[in-house]
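Enquirer: Quick one: this structure, given as structure tokens, is what I'll be asking you about.
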Amino acid sequence: GDQQAVQNFAGCLNGRKVGDLLLLVDESGSLERTDPDGRRVTAAKYLLTQLAGRADRAGIALDVQVAGFATEFDRDPGAWTTLTDASLAGLTAEVDAFAARDDGQDTDYWTALDGARRSLADHRTVGAGEAGRCQAVAWFSDGRLDITPATAQQRRSDGSPAPTTN
């Protein structure tokens, strides 16, 4: 497949030596059928393991956050953690918890990406002078957009109108 986004992020990290990666993990109910073996969890843990070794060898400070989504972006995402060999076990344990998280009502991509965008923006402002941080989202989902139509009065968590049947 197309690897341009991965190559761009890797190039940025190699040049700037500092970045953020948000692991966005689907926890919607469709996963009971489409991912009963937790392949999204396996893939996320593999990515973390590969990145930990590479970041250490290249001297890259890569902060990672693990967050879930279904109808909403995770209300209590994991803390931003610098990925090292020492922190890898804790981060993979956070990802492991998603193997059993497959009971969300819907799969709302807009809400998931908006929450990821806000989390990355908030993290970017934490460190003064770090405006040049490389940032990316790694998305782990079954790819099934599934939204229950809302009434005209219902709103997303940010106050914007929810998708309706109108």
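Enquirer: Using amide H atoms built in the peptide plane, which far-off residues or other-chain residues are under 5 Å from Val18 H to H?
Expert: Sorted by chain and number, the residues that satisfy this are Ala61, Cys134.
Enquirer: Now for a separate question. DSSP loop (so not H, G, I, E, B), at most 16 other Cβ within 10 Å: list which GluC sites (Glu not before Pro) in segment 1-108 pass both filters.
Expert: Numbers: sites: Glu27, Glu32, Glu72, Glu94; in loops: Glu27, Glu72.
When the GluC sites (Glu not before Pro) of segment 1-108 are filtered for loop state and at most 16 Cβ neighbours within 10 Å, nothing remains.
Enquirer: Would segment 20-136 count as rounded, prolate or oblate if I go by the C-alpha gyration tensor, calling it rounded below 1.5 in a/c and otherwise prolate when a/b exceeds b/c, oblate otherwise?
Expert: Taking the square roots of the gyration eigenvalues as a ≥ b ≥ c, segment 20-136 is oblate.
Enquirer: Of the trypsin sites (Lys or Arg not before Pro) in segment 38-90, which ones lie in a loop per DSSP and count no more than 15 other C-beta atoms within 10 Å?
Expert: Arg75
Enquirer: With charges set only on the Cβ (+1 for Lys and Arg, -1 for Asp and Glu), what does the dipole of segment 1-138 come to about its Cα centre, in debye to the nearest 20?
Expert: Numbers: 14 positive and 22 negative charges, 153 e Å.
That gives a dipole near 740 debye.
Enquirer: Additional query: Got a number for the accessible area of Asp122? Probe 1.4 Å, square angstrom, nearest 10.
Expert: Roll a 1.4 Å probe over it and Asp122 shows about 100 Å².
Enquirer: Could you tell me which residue out of Phe73, Ser87, Ala99 lies farthest along the dipole of segment 1-128 toward its positive end? Charges go on the beta carbon: Lys and Arg +1, Asp and Glu -1, centred on the Cα centre.
Expert: Most positive-ward Cα: Ser87.
Enquirer: Now, a different point. Quick one: what are the phi-derived ³J(HN,Hα) couplings along segment 24-33, Karplus 6.51/-1.76/1.60 with θ = phi - 60°, whole Hz, x for glycine and proline?
Expert: Karplus values, whole Hz, x for Gly and Pro: 9, 10, 5, 9, 7, x, 4, 5, 4, 8.
Enquirer: Right, another one. Provide Trp139, Trp110, Trp80 ordered by accessible surface of protein heavy atoms (probe 1.4 Å), highest first.
Expert: Trp110, Trp139, Trp80
Enquirer: Once amide H atoms are built 1.01 Å from N in the peptide plane, which residues 5 or more positions from Ser28, or in another chain, come under 5 Å H to H?
Expert: Gly104
The values are calculated or read from the model by the stated rules, or taken from the named source; none is laboratory data. Note that the structure is predicted; figures quoted are calculated from it, not measured. Methodologically, a virtual Cβ is constructed for each residue, glycine included, from the backbone with ideal geometry; neighbour enumeration extends over all protein chains shown. When the accessible area is computed, the model is the full protein with side chains, heavy atoms only, and any ligands, DNA or RNA have been set aside. Shrake-Rupley method; radii C 1.70, N 1.55, O 1.52, S 1.80 Å.
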